[in-house]
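Take a look at the structure set out below.
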Amino acid sequence: MTRDHDHWALHAADWIAWARTPGHDAFWAYRGAFAAFVGPGPGRAIDVGCGEGRLSRLLGELGWTVTASEPVAALLQAAREAGSAGTYHRAAADALPVPDGAFDLVLSYNMLMDVADPAAAMVEMVRVLAPGGRLVVSIVHPLADMLLLAKDGENAEAYFGRKAFEVSETKNGLTMAFKGWAMPLSDYADLLTGAGLAITRISEPRADRTTGWSGAGRWSDLPLFLWIEARRFSAA
């Protein structure tokens with residue numbers, strides 16, 4: 001599996017609590033803006049690396065017919081129990097058990113940072129994307145990665161290259177361990193274009209201060225996330 005299965009399996013219960021506590025983490029300060037970035041259905045959508053299912057549920061609210069895929073059994077079960085999608089697959093991002101061109105929308109929400117081989121994941125996501133379809137990617141903004149790594153004692157000037165990180169955060173009685181990789185923007189762009197996609201839109205959203213998320217003040221002035229839309233314009 002390309003996703004760091006062991007880490008997320010170990011911390012699945014922590015992540016479910018972290019993700020499902022309203023207003024607790026950054027998602028809640030960006031949810032409305034991300035919904036607008038994705039846009040309404042109808043259409044066929046797959047949420048790759050769905051976790052406990054909150055993005056799958058958001059896609060459903062927007063009118064998409066949703067398939068959720070996730071390699072960690074406990075997370076996929078949580079997504080299923082919450083009624084997050086219509087179809088579920090326990091699968092890694094580089095081995096999706098669906099036909100070629102099956103989806104009008106492929107969603108990769110904060111997942112590419114978690115896989116050992118993002119190029120293999122990208123090739124597979126493009127395979128299941130219909131010609132004319134969209135891939136929507138959310139990643140932690142590479143500039144935010146620099147700030148967050150510097151906070152944990154890393155070299156703040158080490159922008160280029162792929163860097164592993166492992167940090168733990170405790171807030172409001174909840175603790176979550178995060179593990180993955182930070183990459184520069186050009187590497188992410190190369191992943192998409194190298195897989196045959198054309199980047200059609202990017203967004204550096206600001207946190208919504210009205211949501212009550214504790215980090216909204218800082219991240220309304222700095223970019224925490226980067227959202228990328230890319231399209232597959234041919235079957236080739």
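The values are calculated or read from the model by the stated rules, or taken from the named source; none is laboratory data. Since the structure is predicted, the reported quantities are computational estimates derived from the model, not experimental observations. A quick note on method: Cβ atoms are made from the backbone with ideal geometry, for glycine too, and the neighbour counts reach across all protein chains shown. Only protein heavy atoms, including side chains, enter the accessible area calculation; ligands, DNA and RNA are left aside. Shrake-Rupley method; radii C 1.70, N 1.55, O 1.52, S 1.80 Å.
One table, with the values for the structure above:
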quantity	calculated
Prolate/oblate/rounded call for the range 48-116, Cα gyration tensor, a/c under 1.5 rounded	rounded
Length-normalised contact order for the chain - Cα pairs under 8 Å, 6+ apart - percent	21
Separation of the residue 143 and residue 218 label points, Cα + 7 Å toward Cβ, nm	1.5
Principal axes of the range 101-199: Cα extent on each, largest first, Å	44, 32, 19
Per-bin percent of Cα-Cα distances, the range 1-141 [5 Å]	2, 11, 21, 25, 23, 13, 4, 0
Among 87, 21, 210: highest mean-square fluctuation, GNM of the chain, C-alpha pairs under 10 Å	210
Solvent exposure of the chain as accessible area per residue, Å², 1.4 Å probe	43
The range 176-236: chymotrypsin sites (Phe, Trp or Tyr not before Pro) in DSSP loop, at most 14 other beta carbons within 10 Å	233
Listed residues 202, 5, 96: farthest to the positive end of the dipole of the chain (Cβ charges)	202
The range 165-236: Cα Rg divided by the 2.2 N^0.38 Å rule of thumb	1.48
The range 59-189: relative contact order in percent, alpha carbon pairs under 8 Å with at least 6 residues between	17
Percent accessible area from carbon and sulfur atoms, the range 1-67, protein chains only, probe 1.4 Å	60
Translational diffusion coefficient (Stokes-Einstein; Kirkwood radius from C-alpha pairs) of the chain at 20 °C, 1.002 mPa s, in µm²/s	120
The range 11-87: radius of gyration over Cα atoms, expressed as a fraction of 2.2 N^0.38 Å	1.05
Normalised convex hull volume, the range 6-56, alpha-carbon set, Å³ per residue	88
Placed amide H near residue 43: partners under 5 Å, 5+ positions off or other chain	65
Residue 110 long-range amide H proximity, modeled H, under 5 Å	138, 139
